[in-house]
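In what follows, a single structure is set out as structure tokens and then discussed.
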Amino acid sequence: MTPTAATADRAALFRRAAGRFPTGVTVVTTLADGEPYGMTANAFMTLSLDPLLVAVGIGHRARAHGHVLRSGRFAVTVLADHQEATARRFADPARPVGEAAFTADAWTKGPASGCPVLTDGTAWFDCVVRAAHPAGDHTLVVGRVETFGLLDTDRPLLFVNGDFAAAGPALPLGAHPPTRPAPLGARS
């Protein structure tokens, strides 16, 4: 086996092994020159409660990569189990750019960043970039959470073994009331 083939095999095995860890699915959005951009991301996590910090891994080849870093702001919507089509659309490299990419989803502007928050999700975070750390073929973007809230109490969309899945019926979600961002420039 050549070194290149061995490296490719190792990367494929790593991807399969990592795929055994279920993750939530989000859409990360930003605004650049007045145009909204979005991408599907499952490399999202909370980092700190004091201050409130989150992080998202953004691939260097992703359209949103440069836009998030230049604008210094982003929003994250945690997708609901009925939003698989949304996740696939924002992951498709052939999707439309700018506002045309958002026509199939209801959204509103995040109160702090102005970045799109998809209102059919389960939760949202409106952030300012605090740090960006190169990490292989991705950048780990740390955001200071300016505002956040709950949306619907639908179950979250999951990603495991290379495919989307819904959380099981035993997942406790509680009955917390939604805390939607103010309808600034809402789109349908």
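The values are calculated or read from the model by the stated rules, or taken from the named source; none is laboratory data. Keep in mind it's a predicted model, so treat the numbers as computed, not measured. With ideal geometry, Cβ positions are generated from the backbone for all residues, glycine too; neighbour counts draw on all protein chains shown. Side chains are part of the model used for accessible areas, which takes the heavy atoms of the whole protein and leaves out ligands, DNA and RNA. Shrake-Rupley method; radii C 1.70, N 1.55, O 1.52, S 1.80 Å.
Odds and ends about this structure:
- Qualifying residue in segment 57-72 (condition: of a type in the set (Gly, Ala, Ser), open to solvent by 50 Å² or more (accessible area, probe 1.4 Å) and in contact (Cβ under 8 Å) with a residue 12 or more places away in the chain): no
- Count of segment 1-46 residues which are assigned to a strand (DSSP E or B), of a type outside the set (Gly, Ala, Ser) and closer than 26 Å to residue 155 by Cβ: 10
- Of residues in segment 118-143 being aliphatic (A, V, I, L, M) and over 20 Å from residue 70 (Cβ atoms), the one surrounded by the fewest Cβ atoms within 10 Å (Cβ to Cβ): 123
- Under the condition of being open to solvent by 50 Å² or more (accessible area, probe 1.4 Å), farther than 16 Å from residue 83 by Cα and in contact (Cβ under 8 Å) with a residue 24 or more places away in the chain, the residues counted in segment 17-42 number 4.
- Residues that are hydrophobic (A, V, I, L, M, F, W, C) and in a helix (DSSP H, G or I) were ranked within segment 47-68; the one that is farthest from residue 131 (Cα to Cα) is 64.
- For segment 74-86, a residue qualifies if it is free of Cβ contacts under 8 Å to residues at least 60 places away in the same chain and open to solvent by 30 Å² or more (accessible area, probe 1.4 Å), and exactly one does: 85.
- Here is the figure for segment 144-167: residues that are farther than 20 Å from residue 109 by Cα and either hydroxyl-bearing (Ser, Thr, Tyr) or open to solvent by 70 Å² or more (accessible area, probe 1.4 Å) (or both) total 3.
- When the criteria are applied in full, residue 57 meets the requirement of being within 11 Å of the chain's Cα centre (by Cα) and farther than 24 Å from residue 109 by Cβ.
- Counted residues, segment 69-87 - those being under 12 Å from the mean Cα position of the chain (by Cα) and part of a helix (DSSP H, G or I): 2
- Any hit, segment 110-122, residues being in a strand (DSSP E or B), in contact (Cβ under 8 Å) with a residue 24 or more places away in the chain and over 22 Å from residue 163 (Cβ atoms): yes
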